[in-house]
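Asker: Shown below is the structure under consideration.
Computed from the coordinates by the stated procedures, all read-outs in this text should not be read as laboratory data. Computed from a predicted model, the values in this text were never measured in an experiment. Cβ atoms come from the backbone with ideal geometry, glycine included; neighbour counts cover every protein chain shown.
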């Protein structure tokens, strides 16, 4: 029993030490720009291992040198209540949960119809696709995950993401959170940050992006590598138009 209590004590101390380490790193980000994120490093390693070459484009630019059009577009597309919430948008999470539940229900119904068709030897039945899972993560949550965590989806990792999100909100301003996010988020294969994205797609600095260019970049964020290979996507164009229409009502930090 004593050995078990000692082990639990060590685990608690280790967990506390880890949180203090994270808090120290976040506090340092008030004045020091992070050179890379955990996600960037894992992607760079993956690309280098796959292709044998180091493909990594990133150039940090201060908040003032990122166009307001891109800031507004990203907030409109990714996290409309960014300046209002404390890191977690409960309403967005509830909507995402509802959408995922409905998608799962549709998938189960399709699977039942497929099984019934097989029993009746009905030809031409295609395999049922898994439901598309949508998230309700805020910009702060995405930053917490990208900066420090792996891509695995476990309850423990999600709990750590929440703690890191609250730390970011408590220790950094909204402006600084958005600045770090825009300088580290992925915008294509080996393309990280607003400046690299603007140069890669439009051959211009991030400070000179038009509203429509910024909106297209914002729409790419959930699936940047996918849209990088599909520049003429109809969805990309139509969704960008929707984001442009929303940008006027976005409040910047």
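Asker: For labels at residue 229 and residue 152 in the simple 7 Å Cα→Cβ model, what's the distance in nm?
Answerer: The modelled label-to-label distance comes out at 2.8 nm.
Asker: Also, quick follow-up: Spin-label point model (7 Å from Cα, Cβ direction): what's the residue 57 to residue 207 distance in nm?
Answerer: 2.0
Asker: Another one. Quick one: divide the alpha-carbon radius of gyration of the stretch 126-235 by 2.2 N^0.38 Å and tell me what you get.
Answerer: Relative to the rule-of-thumb radius for its length, the stretch 126-235 sits at 1.21.
Asker: Would you kindly work out the equivalent ellipsoid of the stretch 1-66 from its C-alpha gyration tensor and give its semi-axes, the square roots of five times the eigenvalues, largest first in whole Å?
Answerer: Square roots of five times the eigenvalues give 36, 21, 5 Å.
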